[in-house]
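Quick notes on the structure that follows.
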Amino acid sequence: MTADKNKMAANCWKHGSEAMLRENWDYAIEMFRQAAKFVPDNLMYRQSLRGVECRKYDENKTGAKMSTMKLMGTRASIKKARMKKNWEAIDLAAEDGLAINPWDAQLNADLGEACRKLEYLDVALFGYEKAVESDPENKDFLKALAELYSEKGRYPEASATWRRIQKIDPMDAEARRMAQQCLTMDVIETKGYEDAEDTKGVMTDKQISDRLGTGNQAADGPGMSLEADLQRAIRKEPENKDNYLKLGEHYRREGKLDEARAQFTKALEVSGGDADIREQIEDIDLDLLQQRVDNAKEIARSDADDEEALHNAKALAGELLKREISVFQSRVERYPNDLRMKFELGKRRMRIKKYAQAIPLFQQSSRDSRLAVEAMINLGKCFIAEKKGSLALRQFVKAIEVGIDPHDHPELFKEAHYWAARLYEDAGKQDDAESHYGEVLALDYEYKDARVRLEGLQE
């Protein structure tokens, strides 16, 4: 059966190629699409399909006329299929949508996600690469792309992609950690393959251990253990901070945060106080404190009557919040143009009810289009807390006017409309209040007290 499908797919691809030469785009698209359906993990078929779709629209980067409206049904189908985890259906629906707009970033990402779940990794990688081409600052797309590069063993590209994320969000500790980790993995794999005569000669640490009969004993030979290799490198070059950093990253990846902190601290000493290394130590300290908070919460959940455990969990959570504020404040001062950092600091100021301090941070971070909607909504809530209703309403209305996709950001959509409705209700503008409550209920009929309030207005 597989051989038959491969033969039919090859035949379709041949007809599609012939049609493409005649610039019969629609027939070429149909043939390439059939080929991809017969053999969905074939990268060449997908690349051929996307290429001819782009040529059909004369590389206009927007696809068919009124594509946004035409894609509404496709997006709804994808959302429904995702709820059921029907990845085959998402794959097909995404291709339907890409026939309308092959540059649509979200559809390319939907295709990438579905193919990743289906283990069509080459096609998944292609999908996310296209998504990032159209939306180069989308962290979610970049993260998925970086992970796929790693899965394919393309560590330099993975590291570069993590660095792109770090540039977008300098506070992203995972991006910083993974960028270094991927470079380390590239060195390890390159060394492993160079030392072997062929790929059959490359052995894992466990295979080496089994072959030598060392079992769980500490590895002491070169290439047997990354940890041991890095420790030897440190003994050989004790003034080289990079080896301490690599060993620290290794420990961090293994979840050994205390050991990781010790290595980063040594790297800091050797470097003479490198500010970037100091920030990484701060990140580890936050991770360690987060672990303590999580453990305390788990203990408190296991015994609801243990008041001491509950008090301890709350105290640790408060300590973590206080520490985050201190760290983020110092980074805002170090990176005054980093709007993401100001946004994160603003959220934490808001949590401790320092609304007057949070307001200017959200005002500044709203200049970043990626943060604008959430920053405006947070601004609105801060103004409510400060009893400045008219200023609050202005922020919610601005957020709504910017445009909030109810499918991609349902919570932000509901929050903006709900609070706009509340403020219109307080101002005696019943029609406006009813309109915004209606938007909320159309998406979530049980959201807060929106239904009760709407019914009260309509009585």
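The values are calculated or read from the model by the stated rules, or taken from the named source; none is laboratory data. Everything numeric in this text was worked out from a predicted model, so none of it was measured. Reconstructed Cβ throughout: ideal geometry from the backbone, glycine too, with neighbour counts over all protein chains shown.
At a glance:
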quantity	calculated
Filter pass, D26 being out of contact with any strand residue (DSSP E or B) (no Cβ under 6 Å at 6 or more places or on another chain) and either crowded, with 21+ Cβ neighbours inside 10 Å or modelled with pLDDT of 90 or more (or both)	yes
Any hit, region 122-134, residues being among the basic types (K, R), at pLDDT 90 or above and crowded, with 21+ Cβ neighbours inside 10 Å	yes
Selection status of Q217, at pLDDT below 50 and either more than 31 Å from the chain's Cα centre (by Cα) or surrounded by 12 or more Cβ atoms within 10 Å (Cβ to Cβ) (or both)	yes
Only one of K37, K85, K130 that is among the basic types (K, R) and over 30 Å from W162 (Cβ atoms)	K37
Selection from region 17-34 of residues that are acidic (D, E) and either in a helix (DSSP H, G or I) or outside the structural domain of A89 (by TED's automatic domain parsing) (or both)	E18, D26, E30
Single condition K387 does not satisfy, out of (1) outside any helix (DSSP H, G or I); (2) modelled with pLDDT under 90	(2)
Within region 15-26, tally of residues that are under 15 Å from Y45 (Cα atoms) and free of Cβ contacts under 8 Å to residues at least 12 places away in the same chain	1
The listed residue being of a type in the set (D, E, K, R), part of a helix (DSSP H, G or I) and under 17 Å from A94 (Cα atoms), out of K37, K14	K37
Residue within region 159-172 that is closer than 18 Å to L247 by Cα, touching a residue at least 40 places away in the same chain (Cβ under 8 Å), hydrophobic (A, V, I, L, M, F, W, C) and part of a helix (DSSP H, G or I) present	no
Sole exception among (1) touching a Leu at 6+ places or on another chain (Cβ under 9 Å); (2) of a type in the set (A, V, I, L, M); (3) modelled with pLDDT under 95 for A372, by number	(1)
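Results for (1) closer than 20 Å to G127 by Cα; (2) not small (G, A, S), shown as yes or no for each residue.
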residue: T2; (1), (2): no, yes
residue: N6; (1), (2): no, yes
residue: I29; (1), (2): yes, yes
residue: G51; (1), (2): yes, no
residue: G73; (1), (2): no, no
